[in-house]
Amino acid sequence: MKALILSGGHGTRLRPLTYSQQKQLIPVANKPVLFYAIEDVIEAGIHNIGIIVGPNAEQVKETVMSREWDAKIEFIYQGEPKGLAHAILVAREFLGDEDFVMYLGDNILREGIVRHKKHFEENDFDASILLQEVPNPQQFGVAELSEDGKTIKRLIEKPKVPPSNLALVGIYFFKPIIHEAVRNINPSWRNELEITDAIQWLIDHGYKVGWTKVTGWWKDTGKPEDLLDANRLILDDIETDIKVITKARIHGRVVIEGGTEIDENTVIKGPVVIGKNCRIKNAYIGPYTSIGDNVIIENTEIEDSIVLEGSEIRNAGRIVESLIGRGVKIINGTSHPFGRKLVIGDNSRLIL
């Protein structure tokens, strides 16, 4: 089996951050979102991976290849994002006539895909999709099941009256018949080739489409609030690992990487992750905060936030539920008795 991981698109819902970086590269708990997908497919025993890239192709390549993987990785240029089924068309040569999993690179799945892959293979499905129960199925693609509940009868995009509360997760398993399906569908009203239309083509032509239900959490990190939520969920699972000596007051589960300096006037309440070579002075780092490498924080309280590498935050009062890009400078502020919520793009300068 091969893997096709999607890391293209413009990420408009994450602007201004995505003006300067690919959305799948934004870190959650100090790891690019895309890396969670790569790790999942390798854990499932898949070592031949194609990554669909688009406008920021070189950025994706450089980031992925900065780490050694137990896999052969090939980058496939899509150009304009014309739908998930279009990505399969673009990757036809790479995929050949082998089974494959398609994994949207901005999704994070706590349990991984090992169990789901096994279900697909053991039941000889032509396709299998992952579903999760949601409280608001009207906002998702929803599956209508067969009478025995074993296979998919119909897929409906954002139905007004949902036939179930089972929403599609962005992970799909396919046999090579999917290539015929994507060649035989027409663009949707969005002028895209929809993967739901391709799967529906399989169903309409008598092919066997199965499903598995996600038992842990799943996040599509397409919006700032989704990234912050995923950050909370991942930090809930961390274990303490402090690689520096500090007199800071540390409570709860905290990870601090090497080279970081934290003074005795700082309080850190986990779960928190702090990267390499940071400088933190007279600060409060509250729960569910991830701080990237080479960050400076002085005379500031920050909680429930993501701060990307190279940022500098001085005298900024209290910052909460914020997503702060690379190389951002927040300076010259004074503390106030209220919290600020910020989404700031890379290399910005904010004077409070």
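The values are calculated or read from the model by the stated rules, or taken from the named source; none is laboratory data. No experiment lies behind these values; they were computed from the predicted model shown. Here the Cβ is made from the backbone with ideal geometry for all residues, glycine too, and neighbour counts use every protein chain on show.
Looking at this structure, is residue 149 assigned by TED's automatic domain parsing to the domain that holds residue 111, without any contact (Cβ under 8 Å) to a residue 24 or more places away in the chain, out of contact with any helix residue (DSSP H, G or I) (no Cβ under 8 Å at 6 or more places or on another chain) and not in a helix (DSSP H, G or I)?
Answer is yes for this residue.
For residue 141, all conditions in the list (1) in contact with a helix residue (DSSP H, G or I) (Cβ under 7 Å, 6 or more places away or on another chain); (2) exposed (fewer than 13 other Cβ atoms within 10 Å of the Cβ) hold save one; what is the number of the exception?
It fails just one condition, (2).
Please verify whether residue 221 is under 20 Å from residue 123 (Cβ atoms), of a type in the set (Ser, Thr, Tyr), touching a residue at least 60 places away in the same chain (Cβ under 8 Å) and out of contact with any His (no Cβ under 8 Å at 6 or more places or on another chain), treating the condition exactly as stated.
No, not satisfied.
Which condition does residue 271 not pass, out of (1) of a type outside the set (Val, Ile, Thr); (2) within 14 Å of residue 248 (Cα to Cα); (3) within 25 Å of the chain's Cα centre (by Cα), if it passes all the others?
In the conditions (1) of a type outside the set (Val, Ile, Thr); (2) within 14 Å of residue 248 (Cα to Cα); (3) within 25 Å of the chain's Cα centre (by Cα), residue 271 misses (2) alone.
Only one of 284, 288 is surrounded by 18 or more Cβ atoms within 10 Å (Cβ to Cβ) and either in contact (Cβ under 8 Å) with a residue 40 or more places away in the chain or touching a Pro at 6+ places or on another chain (Cβ under 7 Å) (or both). Can you tell me which?
Answer to the selection: 288.
Would you confirm, using the coordinates I've provided, whether residue 57 is crowded, with 18+ Cβ neighbours inside 10 Å, modelled with pLDDT under 90 and on the phi < 0 side of the Ramachandran plot?
The answer is yes for residue 57.
Which ones in segment 94-117 are over 24 Å from residue 180 (Cα atoms) and part of a helix (DSSP H, G or I)?
114, 115
Filter segment 195-226 for residues that are closer than 21 Å to residue 87 by Cβ and among the polar types (S, T, N, Q); which is surrounded by the fewest Cβ atoms within 10 Å (Cβ to Cβ)?
Once the filter is applied, the top-ranked residue is 200.
Using the structure shown, decide if residue 91 is out of contact with any helix residue (DSSP H, G or I) (no Cβ under 8 Å at 6 or more places or on another chain), buried (at least 22 other Cβ atoms within 10 Å of the Cβ) and within 25 Å of residue 190 (Cβ to Cβ).
Yes, satisfied.
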